[in-house]
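Here the structure is laid out as structure tokens; the discussion comes afterwards.
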Amino acid sequence: MRNWRYLFVCVVLTAFTIPAGAKSPRTSDEFFDRGNTRLDRGDYSGAIDDYTRSIELATRLDLPGATRRSGGLPGNSFRSAPSAASGIRAIDPGIASTYSNRGLARYFQGDLAGAIRDCDQAISISAILPESYNIRGIVIFASGDMDGALADFERAVALKPDDPKILNNRGTALRQLGATCRALDDLNRSIALAPDAAESYCSRGAILADIHEYGKALADFERAIRLRPKFAWGYYGRGFVRLHNEELASALADFERAIQLNPRFSIAYANRGIALLRQGEEEKARRDFDTALALEPALRAQLEVALRQLKSPPQPTRD
């Protein structure tokens, strides 16, 4: 079998909102709860509005002559803890969870800077919420700072050692940093704690594919699909393994399903293009490559390497 080089990026990070706690006044709770509902439904703008209103109702201004800004929290751009100097005082530490959840909503909207500011603020108010570090780690990961993301996931694990979602995220960061054994340990623990979590099977499958354990990787991706039939990452991962095994028709079907479920799945377009090129469908492949690069220009270097390898003369292998 020829050792083709394909693109493989599997990053499955998991986040969760912080449930409502004892906060005052009650109307702040109500906005917080509705914000969580909107976030779960994908209404990120609505969630941000509700979280902002919750924050406004749970804070007060202390500086003489200070007034609230219309439509947002006063001083929302600062990173330090609320203090007499800022003119804002949090009524209780529970407001930290509202900042964290608003940060998550901003992350889903693509506002990484705003998400990090909110998470920083949450942590400055209460440094003992593992979810705040987990969310900030996800945002920092998306910015490309793997070391920074790992530091936040490490802190989250220290605060909540048996949380499968946090272990999944730390394992994913460790994989990106090349710490394969530690990453695999985290994913094994995550799956042992939550055997029905499709995300962890995809994350472990990615590590197994990295170390060429393709049979085991395929089993993990198929388990993820059984658990979540509409999980795009599961189909993408299975398609990658099938592409490696030169099962082109099956790989194409998986990439197409992944794209149906997530029309902005750039790496799925790229690998579908490679499968099409292998079948001699150059025009269709070119369209997929163009789409992949339009969605994620940073893929260009990886794609060029893969295409050069595909065009090179076959080399004998011992497979």
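Anything in the range 231-254 that is touching a helix residue (DSSP H, G or I) at 6+ places or on another chain (Cβ under 6 Å), of a type outside the set (Gly, Ala, Ser) and crowded, with 24+ Cβ neighbours inside 10 Å? List them, or say none.
The answer is Trp233, Tyr235, Tyr236, Arg238, Val241, Leu243, Asp254.
Would you call Phe240 assigned to a helix (DSSP H, G or I), over 20 Å from Gly171 (Cα atoms) and free of Cβ contacts under 8 Å to residues at least 40 places away in the same chain?
no
Count, please, the residues in the range 91-127 that happen to be charged (D, E, K, R), under 20 Å from Arg38 (Cβ atoms) and either touching a residue at least 40 places away in the same chain (Cβ under 8 Å) or crowded, with 24+ Cβ neighbours inside 10 Å (or both).
3
Just to be sure I understand the filter: pairs with C-beta atoms under 6 Å, separated by 6 or more residues or on different chains, first member in the range 41-63 and at pLDDT 90 or above, second member surrounded by fewer than 17 Cβ atoms within 10 Å (Cβ to Cβ) and of a type outside the set (S, T, N, Q). Which pairs pass?
If the second residue must be surrounded by fewer than 17 Cβ atoms within 10 Å (Cβ to Cβ) and of a type outside the set (S, T, N, Q), the pairs left are Tyr44/Phe108; Thr52/Gly72.
Taking the conditions exactly as written (farther than 24 Å from Pro263 by Cβ, in contact with a Pro (Cβ under 6 Å, 6 or more places away or on another chain), buried (at least 17 other Cβ atoms within 10 Å of the Cβ) and assigned by TED's automatic domain parsing to the domain that holds Glu256), does Ser200 satisfy them or not?
The answer is no for Ser200.
Can you find a residue that is of a type in the set (Asp, Glu) and at pLDDT 95 or above anywhere in the range 119-133?
Among the residues of the range 119-133, at least one is of a type in the set (Asp, Glu) and at pLDDT 95 or above, which makes the answer yes.
Only one of these conditions is not met by Gln176: (1) buried (at least 22 other Cβ atoms within 10 Å of the Cβ); (2) under 14 Å from the mean Cα position of the chain (by Cα). Which number is it?
So the condition that Gln176 fails would be (1).
For the range 104-212, give me every one of the helices (runs of 4 or more DSSP H) that falls completely inside it and has 1 or more residues that are hydroxyl-bearing (Ser, Thr, Tyr).
112-125, 130-143, 164-176, 180-193, 198-210
In the range 243-257, what residues are outside any loop (DSSP other than H, G, I, E, B) and among the polar types (S, T, N, Q)?
Ser250
The values are calculated or read from the model by the stated rules, or taken from the named source; none is laboratory data. Just so we're clear, the structure is a prediction, and the values are computed from it rather than from any experiment. Counting neighbours? That spans all protein chains shown, and the Cβs are built from the backbone with ideal geometry, glycine included.
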